[in-house]
Structures are given as structure tokens and as C-alpha cells.
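Okay, structure first, notes after.
The values are calculated or read from the model by the stated rules, or taken from the named source; none is laboratory data. Values in this document were obtained by computation on a predicted structure and should not be read as measured data. With ideal geometry, Cβ positions are generated from the backbone for all residues, glycine too; neighbour counts draw on all protein chains shown.
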Amino acid sequence: MKNIAIFASGGGSNAQKIMEHFENSNNAQVSLIISNKSKAGVIEKAAHQKIPTLILNREEFYKTEDILQKLDTHGIDFLVLAGFLWLVPQYLVKAYKNRIVNIHPALLPKYGGKGMYGINVHRAVHAAKEKESGPTIHFVNEHYDEGGIIFQAKCSIHPTDSPEDIAKKVLALEHRYYAEVIEKVILKIDSK
């Protein structure tokens with residue numbers, strides 16, 4: 001049984017779907033929720049699921065490697081970013097090489113990079129008059145949204161769709177696929 005830590009900065013709707021997915025899994029379980037915001041909605045969702053939480057301090061996260069010991073204490077094998085807005089430091093990427101995944105709300109490599117998250121992404125997609133969008137699940141490296149692509153799902157964008165309409169369509173695909181893809185990646189790693 002693999003132990004997953006989810007890093008999230010916001011409401012935690014993807015984290016919730018992941019927690020629910022792994023409740024009855026024989027392959028993995030969510031063992032820790034990590035946030036950089038003490039009032040993030042994901043903290044309440046974790047409490048409801050009786051999953052321990054950890055609040056990150058920016059200075060500690062970037063200037064020390066203390067998080068590695070905390071992850072080790074919880075026996076964490078795999079890291080999942082679900083709306084986590086900080087860049088993952090190099091020491092953490094190295095320690096969990098090919099064991100950190102993220103979901104981005106656009107079809108990478110377009111519309112990625114610093115500042116491209118949430119509604120900012122959907123506004124850019126809308127402004128470019130794209131005909132489709134969708135989430136990209138990818139491995140995490142030292143740069144925003146540049147790790148190897150694992151999976152993409154697509155939805156059509158109609159000319160009358162607002163950025164908020166696009167956001168709803170993409171989020172529905174995120175909820176549908178993210179947990180399932182995470183489990184497949186864990187099983188693939190486990191079989192090596």
C-alpha cells in the first residue's frame with residue numbers, strides 16, 4: 001500500500017475526489033494533506049476524512065529540507081499537486097523523482113508557467129479563441145508546468161463560452177480523470 005501526500009492551496013475539490021477514490025483502494029491511500037494556507041478549504045475536507053494535515057511555511061519550504069523528514073514520518077511514497085501554487089523546490093523533485101504529479105487546467109505546453117493557474121488560464125484560452133481545452137496531468141520537475149505529460153483530456157469550447165464556462169468544463173474532466181490516472185502511475189512505478 002502506497003502512501004500519498006496531496007499538496008493543495010485552495011478549496012480542494014480535486015483533493016476531495018482523490019481522497020474518495022483511494023478510500024477503497026488496495027493500491028494506495030491518502031495519508032497526508034499539505035497546504036501553504038491554514039484557511040484553505042482543503043484543510044476542512046481533510047479533517048472530515050480524518051487525514052492529517054501539515055501547513056507549510058514558505059521560508060522553511062525553500063530554505064530547509066525539513067519537509068523531507070515530515071514526509072518520511074508519514075511514510076509518503078508519492079506526491080500529488082492539486083491546485084498547489086508554489087513551485088516545488090529542486091531538493092523535493094530530486095527526492096521524489098518521477099513520483100510527483102500535477103494537474104494543469106489547460107492543454108500543455110500552451111498556457112503554462114508562472115502565474116498561469118485557475119481563471120488566469122481560462123481567460124488566456126478564451127482570449128486566444130481556442131476551439132478546445134482540457135486538463136493536463138504531468139510529472140513535476142523544477143519548472144512550472146514543464147514535466148513530462150502523462151495524460152490529457154479535451155473538451156470543446158464554443159464561441160459563446162466564457163472563461164467561467166471553460167473552467168467548469170475543464171474541472172469536470174479533472175474530477176473524472178485525475179485520481180484514476182494517479183492510481184495508474186502508482187501501479188506502473190510499483191511494477192518496476
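Within the range 38-87, the set of residues being touching a residue at least 60 places away in the same chain (Cβ under 8 Å), closer than 16 Å to G12 by Cα and either surrounded by 19 or more Cβ atoms within 10 Å (Cβ to Cβ) or among the aliphatic types (A, V, I, L, M) (or both) comprises L79, V80, L81, A82, G83, F84, L85.
Selection of first residues in the range 146-166 that are over 17 Å from R176 (Cβ atoms) and part of a strand (DSSP E or B) and of second residues that are modelled with pLDDT of 95 or more and among the polar types (S, T, N, Q), restricted to Cβ pairs under 9 Å at least 6 apart or on distinct chains, gives the following pairs, ordered by first then second residue: I149/T136. Within the range 150-170, being β-branched (V, I, T) and surrounded by 14 or more Cβ atoms within 10 Å (Cβ to Cβ) holds for I150, I157, I166, V170. Just one residue in the set S25, S35, S31 is surrounded by 14 or more Cβ atoms within 10 Å (Cβ to Cβ), at pLDDT below 95, farther than 23 Å from E146 by Cβ and not aliphatic (A, V, I, L, M); that residue is S25. Evaluate the range 120-140: report whether one residue or more is under 25 Å from W86 (Cβ atoms), assigned to a loop (DSSP other than H, G, I, E, B) and modelled with pLDDT under 95. No.
Looking only at residues that are of a type in the set (S, T, N, Q) and in contact with a helix residue (DSSP H, G or I) (Cβ under 8 Å, 6 or more places away or on another chain) in the range 38-81, which one is modelled with the highest pLDDT? Ranking the qualifying residues of the range 38-81, first place goes to T53. Residues in the range 117-126 that are of a type in the set (A, V, I, L, M), surrounded by 20 or more Cβ atoms within 10 Å (Cβ to Cβ) and touching a residue at least 24 places away in the same chain (Cβ under 8 Å): V125 alone.
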